[in-house]
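I have placed the structure first, in the form of structure tokens, so that the comments after it can refer back to it.
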Amino acid sequence: MRATAIEQYVRTDRLPHIWCSGCGIGIAMRAMIEALSQCDVRLDDVVIVSGIGCSGRVAGYAKMDSFHTTHGRAIPFATGLKLGNPKLKVIVFSGDGDLFAIGGNHFIHAARRNMDMTVICVNNFIYGMTGGQAGSTTPPHARTTTTPYGNFEPPFNLPHLAMACGAVYVARWTTYHVVQLIQAMKEAIAKRGFSFVEAISPCPTVFGSRNEIPTGLAAMKFFKQNSERIRDGFDVAEAGIELGGKIKVGRFCDRDRPTFQDRLVRMEHEVVSAERTMEG
Amino acid sequence: MSDLSVLTGEHFMNGDIACAEGGLACGCRFFAGYPITPATEVAERMARRLPEVGGVYIQMEDEIASMNAILGASWAGTFSMTSTSGPGFSLMMENIGLGIMTETPCVVVNVQRGGPSTGLPTLTGQGDMMQARWGSHGDYEIIALAPQSPQECFDLTIEAFLLSEQYRVPVLVMSDEMVGHMMERVVIPPADKIPLPVRRKPRVDKDSFVAFAPCEDLVPEMPSAGDGYRIHVTGLTHDERGYPATNARAHDRLVRRLVDKIRNNAHKIFRLEESGMEDAEVAIIAYGITARVARRAMQMARERGIRAGLLRLITVWPFPEERVRRLATQVRALVVAELNMGQMVREVERFSGSTPVFSALRPGGEIQEPGEVLAVIERAAKAAAKS
């Protein structure tokens, strides 16, 4: 993409953005923009919905119809948008705390319904906006402001969760893997049904600094050295992330299931009109 | 399709179903809900009826999701609603606030039951009146209507849609278990006699459109997602472009406008009903189901020689301050009847001046006996006579 073309996608009048130096959210957002530019979609039909947190600010910079909702509620808001106007291409872009702690219930139900939307989760293992508290994705033993003795809770394995709930497309890459991330987002956006892309991202300011990855560059090196592309037959249950451990990356599934809308339309055609005929 | 959305004719239906039919008749085509007694019948009716008229019913995972889904559907250009009762109403509060902040039209029916907490799922109450006004955090004004019958459930749900589009605010229909579950005659007019809500779409081109620049009545115009305006909508304090502006000045400007667009237009929003007020010495103020009890109590008082009148609040929020202030100068005592431990009575007291105010209340569970309200009217009349 030429530099000038970025103005089609970004509210440049809102720059500079709020993200810290070394943060990966901008890379993930840029990957989404690249993916959109390569997809066969009209930008006027694209809607970006975010929750609250650092990643939740993406909606504010995306030059499309964009909604910055309440904490954890991007997915049900997006559900209303999609069902209110099925022509819309709905992308939820938010963080791990927003989507999987406070908003976890909505994620599992949208995946179960196979609601036609793409969820992009920037996972930096921490609540960044509030200054570095542990969440449902914080690896065991990680130091955060609310786990001063090390995290003793087990975290979610997000691809495993997404697949178990019925997502039809699931991929994970890190912000080091820009090309692969763009490709995954492209496939996710093009996919009919509930697609999910996890973008593992550095947060040097409040996560890395306390966990021996003090800069964005150090995180990129870590991602480069410790990411392992999954092979055919990989068991997604093994994709959990340990502090300092290997990060399994790749496309975990690409499968088909009828979407909520498919089932709704079928019900309307088959059942409702049949009942009406019988009554008539 | 449209013929099925308006069931013109005389019906025998309960208030919950009448709320659903009111929504359908004026064009509601999206309902997101979650089962909860005593509001479940609204959702059940919508689940059956919306597919018949090309609309969407979705049962969400909770009331938080329901509230967000109707906000999203509204921005997609659909007239949307949900219904709930006490516990679900509590869960909706944060995102009713999002609806207020983002100026998103939608309708929330609250079929009130006894609370706090799980309280009395199957029994009536009017304990959510102050929650309706103040339940979401921060400063705002809201519009809330209180139906007294299934017919009004139908009529006021339509009114709620009209007001929500006119003022771009979530409108609350504050029904209750008794009205929701009572079966009465409901007349549904012909389709061409039903007023339809109008989305205030932008009248200027995309380049000169400023998303939250208000019109003269302080309400901005509203494009839908997908119209090509590429707007940004946020629950953060924002400027007229819709961009986050988290500073005191922008906040002052925005919150004042959100409040003033309702306050300045309150005289156009109020709906009141008065009876026996011409010669009244004691005025009863009541709303919803309690107004029916109060009406009987008023008649009984008059039979006993007490000149009682009734002011029924159809619009409860915004509160008709001026009317109550004037009323307080016309009568010698005010009686407020309601099914809570004293909520709207506080609002009445703010505007009653030196006129004494008496409360006829119960915390819900069942409606008052007319005799209970009468006893308070008699006490008020006696005190008024002494002063």
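The values are calculated or read from the model by the stated rules, or taken from the named source; none is laboratory data. Since this is a predicted model, take the numbers as computed values, not measurements. A quick note on method: Cβ atoms are made from the backbone with ideal geometry, for glycine too, and the neighbour counts reach across all protein chains shown. Just so you know, the surface numbers come from the protein's heavy atoms only, side chains and all, with ligands and any DNA or RNA stripped out. Shrake-Rupley method; radii C 1.70, N 1.55, O 1.52, S 1.80 Å.
For first residues located in region A:178-205 and more than 27 Å from A:Leu243 (Cβ to Cβ) and open to solvent by less than 10 Å² (accessible area, probe 1.4 Å), partners that are modelled with pLDDT of 95 or more and among the basic types (Lys, Arg) and lie 6+ apart or on another chain with Cβ distances below 8 Å form the pairs A:Ile189/A:Lys89; A:Gly193/A:Arg257; A:Phe194/A:Arg113.
Within region A:87-113, track down each residue that is surrounded by fewer than 24 Cβ atoms within 10 Å (Cβ to Cβ) and assigned to a loop (DSSP other than H, G, I, E, B). Selection gives A:Lys87 alone. Return yes when B:Arg113 is part of a helix (DSSP H, G or I) and more than 10 Å from chain A (Cβ to nearest Cβ) and no when it is not. The answer is no for B:Arg113.
For region B:235-277, enumerate the residues that are within 14 Å of chain A (Cβ to nearest Cβ) and either closer than 30 Å to B:Arg292 by Cβ or β-branched (Val, Ile, Thr) (or both).
Just the residues of region B:235-277 that are within 14 Å of chain A (Cβ to nearest Cβ), to begin with: B:235-246.
Result: B:Thr237, B:Thr246.
The residues of region A:1-49 that are outside any helix (DSSP H, G or I), within 11 Å of chain B (Cβ to nearest Cβ) and in contact with an Asp or Glu (Cβ under 8 Å, 6 or more places away or on another chain), listed by number, are A:Val46, A:Val47, A:Ile48.
Residues checked against (1) at pLDDT 95 or above; (2) closer than 16 Å to B:Glu63 by Cα; (3) more than 10 Å from chain B (Cβ to nearest Cβ):
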residue	(1), (2), (3)
A:Gly56	yes, no, no
A:Ile75	yes, yes, no
A:Val90	yes, no, no
A:Ser94	yes, no, yes
A:Ala110	yes, yes, no
A:Asn114	yes, no, yes
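Condition check ((1) touching a Ser or Thr at 6+ places or on another chain (Cβ under 7 Å); (2) of a type in the set (D, E, K, R)) across all residues:
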{"site": "B:Val198", "(1), (2)": "no, no"}
{"site": "B:Lys201", "(1), (2)": "no, yes"}
{"site": "B:Ser224", "(1), (2)": "no, no"}
{"site": "B:His238", "(1), (2)": "no, no"}
{"site": "B:Tyr243", "(1), (2)": "no, no"}
{"site": "B:Leu254", "(1), (2)": "yes, no"}
{"site": "B:Ile269", "(1), (2)": "yes, no"}
{"site": "B:Tyr287", "(1), (2)": "no, no"}
{"site": "B:Ala294", "(1), (2)": "no, no"}
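For residues in region B:116-138 being open to solvent by 40 Å² or more (accessible area, probe 1.4 Å) and in a helix (DSSP H, G or I), which is farthest from B:Gly235 (Cα to Cα)? Per the stated criteria, the residue is B:Met130.
With respect to the conditions (1) assigned to a loop (DSSP other than H, G, I, E, B); (2) out of contact with any Lys or Arg (no Cβ under 7 Å at 6 or more places or on another chain), B:Asp252 falls short on a single one, namely (1).
Output the number of residues of region B:233-256 satisfying the condition of being closer than 25 Å to A:Ala78 by Cβ and under 28 Å from the mean Cα position of the chain (by Cα). Number satisfying all stated conditions: 8. Of all the criteria given as (1) among the β-branched types (Val, Ile, Thr); (2) without any contact (Cβ under 8 Å) to a residue 60 or more places away in the chain; (3) crowded, with 21+ Cβ neighbours inside 10 Å, the one not satisfied by B:Val198 is (3). On the stretch given as region B:292-325, residues that are of a type in the set (Gly, Ala, Ser) and surrounded by 24 or more Cβ atoms within 10 Å (Cβ to Cβ) total 4.
Within this structure, B:Gly88 fails the test of being free of Cβ contacts under 8 Å to residues at least 12 places away in the same chain, out of contact with any Lys or Arg (no Cβ under 7 Å at 6 or more places or on another chain) and open to solvent by less than 10 Å² (accessible area, probe 1.4 Å). Restricting region B:1-13 to residues that are open to solvent by 10 Å² or more (accessible area, probe 1.4 Å) and not in a strand (DSSP E or B), the residue that is farthest from B:Glu159 (Cα to Cα) is B:Met1. Of the strands (runs of 3 or more DSSP E) lying entirely inside region A:157-241, the ones with 2 or more residues being closer than 28 Å to A:Asp40 by Cα are found at A:169-174, A:194-200. The single condition among (1) more than 7 Å from chain A (Cβ to nearest Cβ); (2) open to solvent by 10 Å² or more (accessible area, probe 1.4 Å); (3) hydroxyl-bearing (Ser, Thr, Tyr) that B:Thr78 does not meet is (1). Taking (1) of a type outside the set (D, E, K, R); (2) in contact (Cβ under 8 Å) with a residue 40 or more places away in the chain; (3) surrounded by 19 or more Cβ atoms within 10 Å (Cβ to Cβ) in turn, B:Ala191 satisfies each apart from (3).
The sole residue among B:Ala39, B:Ala43, B:Ala73, B:Ala65 that is farther than 19 Å from B:Leu163 by Cα, facing another protein chain (nearest Cβ under 10 Å) and surrounded by 24 or more Cβ atoms within 10 Å (Cβ to Cβ) is B:Ala65. Contact map, region B:208-230: first residue farther than 14 Å from B:Val198 by Cβ, second residue outside any loop (DSSP other than H, G, I, E, B) and among the basic types (Lys, Arg), Cβ cut-off under 7 Å, separation 6 or more or different chains; pairs are B:Pro214/B:Arg257; B:Leu218/B:Arg257; B:Leu218/B:Lys261. The set of residues in region A:114-136 that are buried (at least 24 other Cβ atoms within 10 Å of the Cβ) and not in a loop (DSSP other than H, G, I, E, B) comprises A:Met117, A:Thr118, A:Val119, A:Ile120, A:Cys121, A:Val122, A:Asn123, A:Tyr127.
Can you list residue pairs whose Cβ atoms sit under 7 Å apart, with the first residue in region B:143-159 being within 18 Å of B:Lys268 (Cβ to Cβ) and the second being part of a helix (DSSP H, G or I) and β-branched (Val, Ile, Thr)? Count only pairs 6 or more apart in sequence or on different chains. Cβ pairs passing all conditions: B:Ile143/B:Ile262; B:Ile143/B:Ile269. Taking the criterion of being in a helix (DSSP H, G or I), within 26 Å of A:Arg113 (Cα to Cα) and open to solvent by 40 Å² or more (accessible area, probe 1.4 Å), would at least one residue in region B:14-30 satisfy it? No, every residue in region B:14-30 fails to be in a helix (DSSP H, G or I), within 26 Å of A:Arg113 (Cα to Cα) and open to solvent by 40 Å² or more (accessible area, probe 1.4 Å).
Which members of region B:48-62 meet the condition of being of a type in the set (A, V, I, L, M, F, W, C) and either touching a Phe, Trp or Tyr at 6+ places or on another chain (Cβ under 9 Å) or at the interface with chain A (Cβ under 7 Å from one of its Cβ atoms) (or both)? B:Leu50, B:Val56, B:Ile58, B:Met60 - these are the residues of region B:48-62 that are of a type in the set (A, V, I, L, M, F, W, C) and either touching a Phe, Trp or Tyr at 6+ places or on another chain (Cβ under 9 Å) or at the interface with chain A (Cβ under 7 Å from one of its Cβ atoms) (or both). Scanning region B:206-222 for residues that are farther than 25 Å from B:Glu159 by Cβ and within 14 Å of chain A (Cβ to nearest Cβ) yields B:Lys206, B:Asp207, B:Phe209, B:Val210, B:Ala211, B:Phe212.
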